[in-house]
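What follows draws every value from the coordinates through simple rules; no lab data is involved. Since this is a predicted model, take the numbers as computed values, not measurements. Counting neighbours? That spans all protein chains shown, and the Cβs are built from the backbone with ideal geometry, glycine included.
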Protein chains: 2
Amino acid sequence: MSTNEKIYTGKTKDVYALDNGNILLVFKDDVTGEDGVIDPGANTVIGQVEGKGRKSLAMTDYFFKRLHAAAVPTHFVAADLDKGTMEVRRAEPLGKDVKGAGGFEFICRTRPWGSFLRRYRNYISDAERGLDYLVEITIKDDERGDPLINDDAILALGLLSAEHLAQAKELTRQVCRIVEADLRGKGLVLIDMKIEIGLVDGQVVVIDEVSADAMRVMDQSGQVLDHAVLCQQLIG
Amino acid sequence: MSTNEKIYTGKTKDVYALDNGNILLVFKDDVTGEDGVIDPGANTVIGQVEGKGRKSLAMTDYFFKRLHAAAVPTHFVAADLDKGTMEVRRAEPLGKDVKGAGGFEFICRTRPWGSFLRRYRNYISDAERGLDYLVEITIKDDERGDPLINDDAILALGLLSAEHLAQAKELTRQVCRIVEADLRGKGLVLIDMKIEIGLVDGQVVVIDEVSADAMRVMDQSGQVLDHAVLCQQLIG
């Protein structure tokens, strides 16, 4: 690995260029959080947890294989669970082809929760109400609090073509349905999740990771699962 | 007027029910702002400016007549510029039929400015770039900073039908084009504006006011006009 060029240092992953043109993701044990409390959705690294990187990788490997089985395109090539690395095809993350821009996150919601509930509190009388796989797109931008962007703004700014936007939203819903069904088989309920999407050879595919770090899940009683408990349920 | 029932006390307008089933809007001299500086977009009343209510009414009268001439539906019936009152048809403001909810504002942008620029700074290299009458919908909610809501969320929460949403967005663009053309005739350039929309007899119409309080305008040199200067240019 030492011969490969490091092209990006992320909060939870480092990224290397491989000689075969692919990319190697190295999952780190760094955890993000706020005020000393671990929160995968937070923007600041607050420490390390032994084995955390391998767990995220094992979950991503788990879900990417399920997506593959359902013919959902991803950038996945192979994972080495012992080394904590994943080889992927080189992708252009959507919303990241502008210098300095952080790229898009695609959120899919089965019911109102978290920031959605905070924003639209006055319009939500029933948190059990289904949201029919609603997709929201936010920008990765710590400084500005990951702002929401609507479809019209994405098109007006020329950040995506209408075709890629529609495909990315449909891909997000597909992934959400597959993950939801998988969790249901374990007696769990998916509340919401987020993925990143990129272009590989002009095709819209799921990139980065799909893991407990990027989903909110509850049990049948409505109790939201702690991150560690969810990891345990998913990969033992 | 004293015999009419006051049904709402707004920041800049009071609302009365008329015997004929219509509504009377009484434009007040209250101005909103922050830290002692007048800002029509702010959420707090900071004082009064003599004649301010009549000016807002005169501008609304001016623009509503232009919308009427262009066959754009509004709730306007008649204005009494001396009394500072406007009679309008009774409308259901969009996004306000939920108890406690503030309703929607429809923003139309011809170029990136203000909150749009703040949110998407990393994606905007050229502030002159046209936005092709981009529509954004926000929720009137002082406490939550008037959050943006995307089309999918409006539909998922059942706040508007797809038909009314599409009609409201098209109406917003129509109004923006008419106001832009009118200002262009005065040597001015519309940057962005916001309107409110309601249903009258099931039809989507422009409601509330269309005035300098709800638009950002610059001169040919690119200098944004002070609110008082814009009022002067519009109604003398």
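So, B:Gly95, is that one touching a residue at least 40 places away in the same chain (Cβ under 8 Å), at positive phi and within 16 Å of the chain's Cα centre (by Cα) or not? So B:Gly95 passes the test.
Evaluated against (1) assigned to a loop (DSSP other than H, G, I, E, B); (2) under 18 Å from A:Arg144 (Cβ atoms), B:Glu136 falls short on exactly one condition, (1). Of the residues making up the range B:192-212, at least one is among the polar types (S, T, N, Q), surrounded by 21 or more Cβ atoms within 10 Å (Cβ to Cβ) and over 19 Å from A:Ala153 (Cβ atoms). Among the residues of the range B:85-99, just one is touching a Phe, Trp or Tyr at 6+ places or on another chain (Cβ under 9 Å), over 20 Å from B:Asp201 (Cβ atoms) and within 14 Å of chain A (Cβ to nearest Cβ), namely B:Val98.
If you go through the range B:144-155 one residue at a time, do you hit one that is of a type outside the set (Lys, Arg) and over 21 Å from A:Lys169 (Cβ atoms)? Yes, the range B:144-155 has at least one match. Among the candidates A:Leu199, A:Leu165, single out the residue that is in a strand (DSSP E or B), within 30 Å of B:Tyr133 (Cβ to Cβ) and among the aliphatic types (A, V, I, L, M). Being in a strand (DSSP E or B), within 30 Å of B:Tyr133 (Cβ to Cβ) and among the aliphatic types (A, V, I, L, M) holds for just one of A:Leu199, A:Leu165, which is A:Leu199. Restricting attention to the range A:100-120, the residues being at the interface with another protein chain (Cβ under 9 Å from one of its Cβ atoms) and either of a type in the set (Asp, Glu) or surrounded by fewer than 18 Cβ atoms within 10 Å (Cβ to Cβ) (or both) number 2. Screening B:Leu155 against (1) more than 7 Å from chain A (Cβ to nearest Cβ); (2) touching a residue at least 40 places away in the same chain (Cβ under 8 Å); (3) of a type in the set (A, V, I, L, M, F, W, C) leaves a single unmet condition, (2). Filtering the range A:167-224 to residues that are over 14 Å from the mean Cα position of the chain (by Cα) and within 12 Å of A:His75 (Cβ to Cβ) leaves A:Leu199, A:Val200, A:Asp201, A:Gln203, A:Val204. Every listed requirement among (1) part of a strand (DSSP E or B); (2) farther than 16 Å from B:Ser211 by Cβ; (3) in contact with a helix residue (DSSP H, G or I) (Cβ under 8 Å, 6 or more places away or on another chain) is met by B:Asn43 save one, (1). Residue under question is B:Asp80, and the condition is that it be touching a residue at least 24 places away in the same chain (Cβ under 8 Å) and not hydrophobic (A, V, I, L, M, F, W, C); does it hold? Here the answer is no, as B:Asp80 does not meet what is asked.
In this structure, A:Leu131 qualifies as free of Cβ contacts under 8 Å to residues at least 40 places away in the same chain, in a loop (DSSP other than H, G, I, E, B) and not acidic (Asp, Glu). For the range A:190-236, the set of residues classified as hydroxyl-bearing (Ser, Thr, Tyr) and within 18 Å of A:Lys11 (Cβ to Cβ) consists of A:Ser211 only. When residues in the range A:139-152 are screened for being of a type in the set (Lys, Arg) and either more than 7 Å from chain B (Cβ to nearest Cβ) or part of a loop (DSSP other than H, G, I, E, B) (or both), 1 of them pass. Of the residues in the range A:26-38, at least one is within 17 Å of A:Ile207 (Cβ to Cβ), touching a Lys or Arg at 6+ places or on another chain (Cβ under 9 Å) and either surrounded by 17 or more Cβ atoms within 10 Å (Cβ to Cβ) or polar (S, T, N, Q) (or both).
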